[in-house]
Amino acid sequence: MAHDDDDYAFVTERFERRIGEECGQLRLDMTEQFGKVRTELATEHGKLRAEMASEFGKVRTDMAEGFGALRAEMITRNAEMLKWLLVFFTMQTAALAALLKLFR
């Protein structure tokens with residue numbers, strides 16, 4: 001019976017040592033793979049940020065051009081409205097002056 005207990009203890013010790021070695025190797029492998037994934041993610045993140053910055057730059061440029069065109073259109077429209085307002089008020093003043101002259 002003592003011989004069986006010694007064998008059992010030996011097998012158990014060997015099994016625990018083997019599990020420890022395997023767990024250690026698994027941890028090393030996992031650490032290595034996580035490092036690779038982190039490096040890959042960082043690289044992709046950098047590429048994505050650069051691409052997004054480029055696209056945002058294009059959008060900003062397009063928006064600046066669009067707002068510039070809108071401002072030019074508004075200036076033209078305001079000038080046209082001012083011209084017609086001056087014509088209208090000049091004609092109203094002339095009509096009022098003519099009416100006043102007629103009734104004097």
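The values are calculated or read from the model by the stated rules, or taken from the named source; none is laboratory data. Fair warning: this is a prediction, and the values are worked out from it, not measured in the lab. Here the Cβ positions follow ideal geometry from the backbone for every residue, glycine too, while neighbour counts run over all protein chains shown. Side chains are part of the model used for accessible areas, which takes the heavy atoms of the whole protein and leaves out ligands, DNA and RNA. Shrake-Rupley method; radii C 1.70, N 1.55, O 1.52, S 1.80 Å.
Summary of computed values
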item	result
Top positive-direction residue, dipole computed over the chain with Cβ charges, set T61, V11, L96	L96
Centre separation in Å (Cα based) which lies between region 86-104 and region 13-42	97
Calculated from backbone phi, Karplus (6.51, -1.76, 1.60) coupling profile of region 35-42 in Hz, x at Gly/Pro	x, 5, 5, 4, 4, 5, 5, 5
Cα Rg, Dmax (largest Cα-Cα span) when computed across the chain, Å	43.3, 143
Debye, to nearest 20: dipole size of the chain, +1 on Lys, Arg Cβ, -1 on Asp, Glu Cβ	2280
Hits among lysines - C-alpha to C-alpha of K58 under 17 Å, sequence gap 8 or more where chains match	K47
Reachable lysines, given that their alpha-carbon falls under 28 Å from the alpha-carbon of K83 and they are not under 8 places away in the same chain	K101
Probe 1.4 Å, protein heavy atoms only - accessible area per residue of region 1-45 in square angstrom	98
Sulfur and carbon atoms: percent of accessible area, the chain [1.4 Å]	65
